[in-house]
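Undergrad: The structure that follows is given in the form of structure tokens.
The values are calculated or read from the model by the stated rules, or taken from the named source; none is laboratory data. Quantities reported herein were computed from a predicted structural model and do not represent experimental measurements. Please note: Cβ atoms are built from the backbone with ideal geometry, for glycine as well, and neighbour counts cover all protein chains shown.
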Amino acid sequence: MPISSRTWVVFALVLAGCGHATRSAAPQSGTAQLTAATVAQHVERVLVADKGTVALVSRDGCVATIGTGQDDTGNFDEMRVRCPRSERLSSWFGALDKMTAALPVEAVDGDSDIDAKGLPAAELAMPNGRVMKLTRAEDATRVLGEVRAFAAELDASERPAPGPATVNGWQMLRVSGPAHVLFAGEATRGVLDVRVSSTGQYLCEYNANTNDGPFHATKSGWIKAETATHALDEVLAPFRALGPDERPRSTYALAVQGGNEQKANAA
């Protein structure tokens with residue numbers, strides 16, 4: 001299933017938010033072959049594309065991917081933003097710098113889009129603002145594989161687990177319910193599910209049905225543990241567990257304390 005135009009627009013907004021570098025003119029004819037090392041010392045961002053998927057990794061931010069997924073109900077558009085700890089991101093880019101340093105590149109001319117006929121493709125944004133495209137398909141495939149492996153690593157560990165007890169004994173908070181969210185100016189209705197652990201790890205998931213079909217969006221990452229524990233104690237201060245005679249609502253909160261999950265009452 002092709003990725004919908006709405007999802008592409010949303011991803012374009014992510015590119016803008018991640019500070020996609022301004023592209024410079026192509027090198028003059030007759031110059032020596034360029035490599036990533038001759039342009040700048042390290043890569044700030046890497047953009048890779050293959051059939052049905054695009055991914056952007058930013059040195060000072062996150063791993064953002066769009067593509068299509070499939071479950072028991074069929075196909076859906078999917079957008080995932082994963083924001084690992086800064087030290088893991090730095091380590092990954094350190095390895096990428098070494099791998100791409102000797103690879104031949106060419107400057108991207110203007111704001112031309114990645115040509116579907118030229119997939120797989122990979123572009124490197126440098127500190128000087130230049131965007132360089134890897135010229136050999138095998139090199140692009142190699143970088144694409146590294147990005148996919150990194151995204152899979154983060155995906156495997158992005159679901160928060162209850163952490164150490166806060167001052168008031170809380171370990172994790174989960175809130176879920178119907179929500180209205182704007183994506184690229186389009187109003188959507190779906191279900192938002194948010195989890196925050198006392199470790200500082202969080203995961204937000206939003207599933208909706210749109211005019212283009214089902215759409216899944218997720219964002220995961222970390223905040224400071226002390227910020228998370230303080231927030232859990234403050235938010236859950238009035239917490240009261242759902243009584244045996246109370247009916248759960250479509251919008252609800254769950255809290256974990258002492259390893260036990262409790263659903264909050266209507267209040």
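Undergrad: Any residue at all in the range 124-136 that's touching a residue at least 24 places away in the same chain (Cβ under 8 Å), outside the structural domain of D193 (by TED's automatic domain parsing) and among the hydroxyl-bearing types (S, T, Y)?
TA: Narrowing the range 124-136 to residues touching a residue at least 24 places away in the same chain (Cβ under 8 Å): 124-136.
Applying the additional criterion that residues be outside the structural domain of D193 (by TED's automatic domain parsing) yields 124-136.
Keeping just the survivors that are among the hydroxyl-bearing types (S, T, Y) gives 135.
Looking for residues that are touching a residue at least 24 places away in the same chain (Cβ under 8 Å), outside the structural domain of D193 (by TED's automatic domain parsing) and among the hydroxyl-bearing types (S, T, Y), one finds at least one in the range 124-136, hence yes.
Undergrad: Working carefully through the options V256, V181, V175, find the one that is in contact (Cβ under 8 Å) with a residue 12 or more places away in the chain, more than 25 Å from the chain's Cα centre (by Cα) and in a strand (DSSP E or B). Spell out the reasoning first.
TA: Values: V181 fails: more than 25 Å from the chain's Cα centre (by Cα); V175 fails: more than 25 Å from the chain's Cα centre (by Cα).
The match here is V256.
Undergrad: Give the range 184-195 a look and list any residue that's part of a strand (DSSP E or B), under 19 Å from the mean Cα position of the chain (by Cα) and touching a residue at least 24 places away in the same chain (Cβ under 8 Å), or say none. Break it down stepwise before answering.
TA: Of all residues in the range 184-195, those part of a strand (DSSP E or B) come to 186-195.
Narrowing further to those that are under 19 Å from the mean Cα position of the chain (by Cα): 191-195.
R195, the sole residue that qualifies.
Undergrad: For residues in the range 186-210 being touching a helix residue (DSSP H, G or I) at 6+ places or on another chain (Cβ under 8 Å) and over 21 Å from L154 (Cβ atoms), which is surrounded by the fewest Cβ atoms within 10 Å (Cβ to Cβ)?
TA: Filtering first and then ranking leaves E186.
Undergrad: Please find, among F215, F150, the residue that is part of a helix (DSSP H, G or I) and touching a Phe, Trp or Tyr at 6+ places or on another chain (Cβ under 7 Å). Spell out the reasoning first.
TA: On the way: F215 fails: part of a helix (DSSP H, G or I).
Matching residue, one of F215, F150: F150.
Undergrad: If we scan the range 149-162, do we find a residue that is more than 30 Å from A102 (Cα to Cα), within 16 Å of the chain's Cα centre (by Cα) and hydrophobic (A, V, I, L, M, F, W, C)?
TA: Yes, the conditions are met somewhere in the range 149-162.
Undergrad: Same structure again: Are any residues in the range 90-145 in a helix (DSSP H, G or I), modelled with pLDDT of 90 or more and aliphatic (A, V, I, L, M), and if so, which ones? Even if it seems obvious, please write down each step before you answer.
TA: Start the filter on the range 90-145 by keeping residues that are in a helix (DSSP H, G or I), which leaves 90-100, 116-118, 137-145.
Retained after the next criterion (residues that are modelled with pLDDT of 90 or more): 90-100, 137-145.
Within the range 90-145, A95, L96, M99, A137, A140, V143, L144 meet the criteria.
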